[in-house]
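Structure, as structure tokens:
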Amino acid sequence: MSLTTAHSLWLAPLCLLLGVAYAWWLYRRGDDRFAWGPRLALLLGVLRALVVSALAFFLLEPMVRTMVREVRRPVIVIAHDGSRSLTLA
């Protein structure tokens, strides 16, 4: 099983960086403006970074490729033609 993308796979770390940068940019002013507390703000920031990173990665069009090797036994057919057309030739 291998993971391939329509674009270079080296762009995947940039997707993670984009998500972290976006979450940091939204939460950069500090925890004092959030009424629900700093721990929940951190949790929401991490969740937002993961979601944005995943969306950016999906834009790379990932595809999981699985190679299955199937071995089939050969089929041997023995046919006997006893019709009149063979005796005419």
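Bear in mind these aren't lab numbers, they're just calculated from the coordinates by the rules spelled out. The structure presented is a predicted model; accordingly, all values stated were derived computationally and were not measured. Don't worry about glycine lacking a Cβ; one is built from the backbone with ideal geometry, like all the others, and counts go over all protein chains shown.
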TODO: Please identify the longest segment of the chain free of exposed trypsin sites (Lys or Arg not before Pro), where exposed means a DSSP state other than H, G, I, E or B and no more than 11 other Cβ atoms within 10 Å.
DONE: 30-68
- [ ] Provide, as a two-decimal number, the C-alpha radius of gyration of the chain over 2.2 N^0.38 Å, N being how many residues it has.
- [x] 2.51
- [ ] Working from Cα positions, state the angle (0 to 90°, nearest 10) between the long axis of helix 12-26 and the longest principal axis of the chain.
- [x] 30
TODO: Please find, in a Gaussian network model of the chain (springs between Cα atoms separated by less than 10 Å), the residue of L11, L26, L50 whose mean-square fluctuation is greatest.
DONE: L26
